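The values are calculated or read from the model by the stated rules, or taken from the named source; none is laboratory data. In this text the structure is predicted, and so the values were computed from the model without any measurement. For neighbour counting, all protein chains shown are included, and Cβ atoms are generated from backbone atoms with ideal geometry for every residue, glycine included.
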């Protein structure tokens, strides 16, 4: 199982401000695009993205599955591929 995290896979990085109206506070999330794959399942590919990303990115809030693709060989799925957007909170010092 391989996770692609490099300059090309981080296609769109942007800040997303979310306002908590109850507390009148504002938190900022950053979003990065991560590609992942698995020979087991799409769910396993997503979990691998989270596991590998969490090694260098802290405070992960959500994973959006942007695209799913399967590789087929001899009428059998041999690889599950996903393109995700991982959101994480910006930590205060």
Counting only residues in segment 40-64 that are out of contact with any helix residue (DSSP H, G or I) (no Cβ under 7 Å at 6 or more places or on another chain) and in a strand (DSSP E or B), the one surrounded by the most Cβ atoms within 10 Å (Cβ to Cβ) is identified as 61
What's the total number of residues in segment 51-93 that are under 9 Å from the mean Cα position of the chain (by Cα) and touching a residue at least 60 places away in the same chain (Cβ under 8 Å)?
2
Are any of the residues in segment 71-80 modelled with pLDDT of 95 or more, surrounded by 12 or more Cβ atoms within 10 Å (Cβ to Cβ), under 23 Å from residue 30 (Cβ atoms) and in contact with a strand residue (DSSP E or B) (Cβ under 8 Å, 6 or more places away or on another chain)?
no
